[in-house]
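Peer 1: For reference, the structure I am asking about is given below.
Nothing in this text is a laboratory measurement; each read-out follows from the coordinates by a stated rule. As the structure is a prediction and not an experimental result, all values here were calculated from the model. As a convention, Cβ positions derive from the backbone with ideal geometry for all residues, glycine included, and neighbour counts pool all protein chains shown.
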């Protein structure tokens, strides 16, 4: 584990492997770099793997009163600077959920540097006002109502190991999810939620995907309760691969919203095929 300052904010990251081809993993909302470890353990023999914590989450700081926004585009600027500092000049991005949007924005900002994008449990591009208002309200309540003593309640890790997944994951992942929820900076957690789910932000995604010249693939959980298959296919349909009749969505059986820990072997195999 190492740390580096990006726009004056300390970010925690890890590099594994020494291969020429680099894979950069971008985690989702209220998560951390830790969830990529099963994939990194599998892939680091063949690729250089970079994982890091988004600004304000897990091991990365969020400056009090910072003027930097929490939009996917702003997070993409953080990532672009991280790649510059680490001298990663060619890479594929793998983004989960919110991290998928950040990966797409980074690919748009760095068209010569990002060779392709793999979105995991990510999609969208359709703004349904009532559904988004419910989602934003529920998410804001989670951020504002998370007492520290929650970690000491019996069976909380058991509950978190069953949330949003097709089958229960190991309980240590439940503990990790609970820890990441409690440690997330409130301004970052709320800002990332609200700024990534505005109507303007959601409706920008299809045009963003349409403009990308790099290959973009979508790995989708068949039982994902948060990013349903129809939303994944909708966003994927705007990319040039889909327009040319080339399938760019891969469905993952027995998989919910946390594919990287639910189906790591299948996802690693798909990454090797796509990159």
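Peer 1: Just to confirm my numbers, what's the Cα centroid distance between segment 39-78 and segment 166-206 in Å?
Peer 2: Each part reduced to its Cα centre gives a spacing of 13 Å.
Peer 1: What distance in nm separates the simple spin-label points at residue 159 and residue 251, each placed 7 Å from Cα in the Cβ direction?
Peer 2: Result for the modelled spin labels: 3.2 nm.
Peer 1: What is the ratio of the Cα radius of gyration of segment 23-141 to 2.2 N^0.38 Å, with N the residue count, to two decimals?
Peer 2: This ratio for segment 23-141 stands at 1.09.
Peer 1: Give the relative contact order (percent, whole number) for segment 176-256; include only Cα pairs under 8 Å separated by 6+ residues.
Peer 2: After rounding, I find 30 percent.
Peer 1: Starting from the Kirkwood Rh over alpha-carbon pairs, what translational D in µm² s⁻¹ does segment 32-73 have by Stokes-Einstein at 20 °C and 1.002 mPa s?
Peer 2: Roughly 175 µm²/s, to the nearest whole number.
Peer 1: Whole-Å semi-axes of segment 66-130's equivalent ellipsoid, largest first, each the root of 5 times a Cα gyration tensor eigenvalue?
Peer 2: Computed over segment 66-130, the values are 22, 15, 9 Å.
Peer 1: In the Gaussian network model of the chain, springs joining C-alpha atoms below 10 Å, which of 81, 193, 150 carries the largest mean-square fluctuation?
Peer 2: Comparing 81, 193, 150 in the GNM, the peak value goes to 150.
Peer 1: Can you give me the Rg/Rh ratio for segment 88-217, using Cα atoms for both radii and the Kirkwood formula for Rh?
Peer 2: Result: Rg/Rh = 1.02.
Peer 1: May I pose another question? Once all Cα-Cα distances of segment 150-206 are split into 5 Å bins that start at 0, what whole-number percent is in each one?
Peer 2: Values per bin, smallest distances first: 4, 18, 18, 14, 16, 16, 10, 4, 1.
Peer 1: If the elastic network links every pair of Cα atoms under 10 Å, which of 42, 53, 78 fluctuates the most in the Gaussian network model of the chain?
Peer 2: Comparing 42, 53, 78 in a Gaussian network model of the chain, the most mobile one is 42.
Peer 1: Please build a GNM for the chain, connecting alpha carbons under 10 Å apart, and tell me which residue among 248, 152, 121 fluctuates the most.
Peer 2: Judging by the Gaussian network model, the answer is 152.
Peer 1: Can I ask one more? For segment 214-253, what class follows from the C-alpha gyration tensor (a ≥ b ≥ c being the square roots of its eigenvalues): rounded when a/c is under 1.5, otherwise prolate if a/b is larger than b/c, else oblate?
Peer 2: prolate
Peer 1: What is the Cα convex hull volume of segment 1-54 when expressed per residue in Å³?
Peer 2: 80
Peer 1: Taking the chain on its own, what percent of its Cα-Cα pair distances exceed 30 Å?
Peer 2: 22
Peer 1: How much of the pair distance distribution for segment 171-275 lies past 24 Å, counting alpha-carbon pairs only, in percent?
Peer 2: 38
Peer 1: While we're here: I'd like the FRET efficiency for residue 149 and residue 19, computed as 1/(1 + (r/R0)^6) with the beta carbon distance as r and R0 of 45 Å, rounded to 0.05.
Peer 2: After rounding, the FRET efficiency stands at 0.50.
Peer 1: Then there's this: Taking 7 Å along the Cα-to-C-beta vector as the label spot, tell me the residue 207-residue 90 distance in nanometres, rounded to one decimal.
Peer 2: Rounded to a tenth, the inter-label distance reads 3.2 nm.
Peer 1: Find the Cα radius of gyration of segment 101-169, compare it with 2.2 N^0.38 Å by division, and give the number to two decimals.
Peer 2: Relative to the rule-of-thumb radius for its length, segment 101-169 sits at 1.59.
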